[in-house]
Amino acid sequence: MSIVNCGVRMAENYLPQVRELYETFPFPARDPATENPSAVPVSPTDILGKINHHGFGGRRDFTKGFRALVAGGGTGDAAIFLAAQLRGTDAEVVCLDLSEASLAIARQRAALRKLEQRIRWIHGSILDVARLGLGRFDYISCLGVLHHLADPDEGLRALADVLGEGGAMGLMVYGRYGRLDIYAMQDLMRLINRDEPDLPAQVANLKAALRGLSPAHLLLRGRGREQIEALIANESNIVDTFLHAQDRAYTVPELYRFVEGAGLSVVNFTNFGHVVRLEYEPDIYLADAALKARLAARSLRERQAIAELLHGHMFLHTLYAARPGCRAASFRDPDMVPFFLTVPGAEAAERLRGRGAVKVRLSSRIVLAVAPSPPALACLALVDGARPLAEIWREAAAVLGEDADRVAAAAAADLERFNAFNWLCLRHRSCPPPPSLAYGYRRDAVLAAD
């Protein structure tokens, strides 16, 4: 399948330096020559089981007429991952990017996996997506792109215009508080490179500056010199991070306004960059019972804003958005089938069977004890990806000598917490199981040693 070049408006949407950056340093850095063709890249937001749970209430059948747009596909991780999961269906995946160099690498990587023809490749700007005549999409993945636009609000509105009724988006933008160290470096490099137009020379100056940072520098708080050298070794990453000519970041309140300004609503935050949804709740940071009770009365978005500040280093925000009224799947719906989404989720459930509790290490460096109630433990032991919750409640109730309705009520909060760790999801019993790729993704909540 050839690349369609839209050829319009891109110079208006991106600074020339932004286009030069991604043509010179395709992002993220990927080398098709060194890749194992049998290994499929994992884009954690684009796992179909998660998309279904959060974006479609667990009720989407991906085998029938599903259309996905990867808006800002870069070197192909998300597009290839979606195409691999949708292999064998009539689904269409469209990959759109402003960088011809990035698209060329993405196509090579897809061809290695015999997926190139499963993806439609478009060279252009996301602001032109409606004018390309591509129709509407059930799912739009836009990770790490909108914050590089001259007008991110216009970009999100453009995507919302091609989102189908009942569709969902996976979005990732920068978090403002967690990027203070990065913005300090960006300011430094603007001063150093103010009279240096040559990008390779700017990169050389960046490497020298990184090696010359004071031990007290923000960037070295929590990082050793060896980690700086590891950063320097990935030129594409340091250029995207420290030399970008155009980016902005969002706090939680700003992010809600951003999403709602496009006529969408935030369904749920999700995991990316080590942050998990549970870290958007103040409870996990606080020990004072009175303060916890006081904050429990606040609205969800205010609690999330407080949690962001308690965390202190959320450098990314990743979420699912949809039209107002969309709800994630519910652990109180008897027709939902729970299944373990990732390898760590199944491992956690296995440990719980023998110990009743596990410890989880979060991105905030908090180690959290997870000790589900007896009803939740009994339910988790019955999760096999086939039984609906109604059946699980009945069987767990029989084991515990308890009423099934009480088991359902008692287990729901703990099962929801498993979902917040990105371990457990739901699909409606009428929907086929999601593709059984082995999601051993390790940026979920990480089990700590006992």
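Cα convex hull of the range 178-242: how many Å³ per residue?
Details: hull volume 5.1 nm³, N = 65.
In the range 178-242, the Cα hull volume divided by residue count equals 79 Å³.
Ranked by Cβ crowding within 10 angstrom, fewest neighbours first, how are Tyr183, Tyr22 ordered?
Exposure proxy ranking, most exposed first: Tyr183, Tyr22.
As a check on your grasp of the helix formula, calculate [θ] at 222 nm for the chain: sum -39500 (n - 2.57) over DSSP H runs of n ≥ 4, divide by the residue count, round to the nearest 500.
Values: 17 runs with 175 residues, N = 450.
The helix-only estimate for the chain comes to -11500 deg cm²/dmol at 222 nm.
Lys and Arg at +1, Asp and Glu at -1: add these up for the other residues within a Cβ distance under 14 Å of Leu220 and post the number. Present the calculation step by step, with values, prior to reporting the outcome.
On the way: positive: Arg211, Arg221, Arg223, Arg225; negative: Asp181, Glu226, Glu229.
Counting the neighbours of Leu220, the net charge comes to +1.
Please arrange Cys142, Cys379, Cys326, Cys425 by counting, for each residue, the other beta carbons lying within 10 Å of its beta carbon, fewest first.
On the way: Cys142 24, Cys379 30, Cys326 20, Cys425 27.
Lowest count first: Cys326, Cys142, Cys425, Cys379.
Report the gain in length on full extension from Ala413 to Glu35: 0.36 nm times residue separation, minus Cα-Cα distance, nm rounded to one decimal. Please report the intermediate quantities before stating the final value.
Details: separation 378, 0.36 × 378 = 136.08 nm, distance 4.14 nm.
Full extension from Ala413 to Glu35 adds 131.9 nm.
Nearest 10 degrees, 0 to 90: what angle lies between the long axis of helix 199-211 and the longest principal axis of the chain (Cα atoms)?
That works out to roughly 60 degrees.
Report, in cubic angstrom per residue, the convex hull volume of the C-alpha atoms of the range 346-434. Mind showing how you got there, number by number?
Values: hull volume 8.6 nm³, N = 89.
Convex hull of Cα atoms, per residue: 97 Å³.
When Rg is the radius of gyration of the Cα atoms in the range 97-140 and Rh is its Kirkwood radius, what does Rg/Rh come to? Please report the intermediate quantities before stating the final value.
On the way: Rg = 11.7 Å, Rh = 11.6 Å.
Checking Rg against Rh, the ratio lands at 1.00.
How far is helix 300-311 tilted, in degrees, relative to the longest principal axis of the Cα atoms in the chain, given as a value from 0 to 90 rounded to the nearest 10?
In the chain, helix 300-311 runs at an angle near 70 degrees to the longest axis.
Taking neighbour counts of Cβ atoms within 10 Å as a proxy for exposure, in what order, fewest first, do His54, His244 appear? Show your work: numbers first, answer last.
Numbers: His54 28, His244 18.
Ranked by crowding around the Cβ, least crowded first: His244, His54.
What fraction, in whole percent, of alpha-carbon pairs in the range 3-174 exceed 25 Å separation? Each step should come with its number before you reach the end.
Numbers: 3859 of 14706 pairs.
Cα-Cα pairs in the range 3-174 separated by more than 25 Å: 26 percent.
Charges only on Cβ, +1 for Lys and Arg, -1 for Asp and Glu: so what's the dipole of the range 295-393 about the Cα centre, in debye to the nearest 20?
About 360 debye.
Could you work out the pair-distance distribution P(r) of the range 389-439 from its alpha-carbon pairs, with 10 angstrom bin width and percents rounded to whole numbers?
22, 41, 32, 5
Where a number appears in this text, it was derived from the coordinates with a stated rule and is not lab data. All values reported here derive from a predicted model rather than from experimental measurement. Methodologically, a virtual Cβ is constructed for each residue, glycine included, from the backbone with ideal geometry; neighbour enumeration extends over all protein chains shown.
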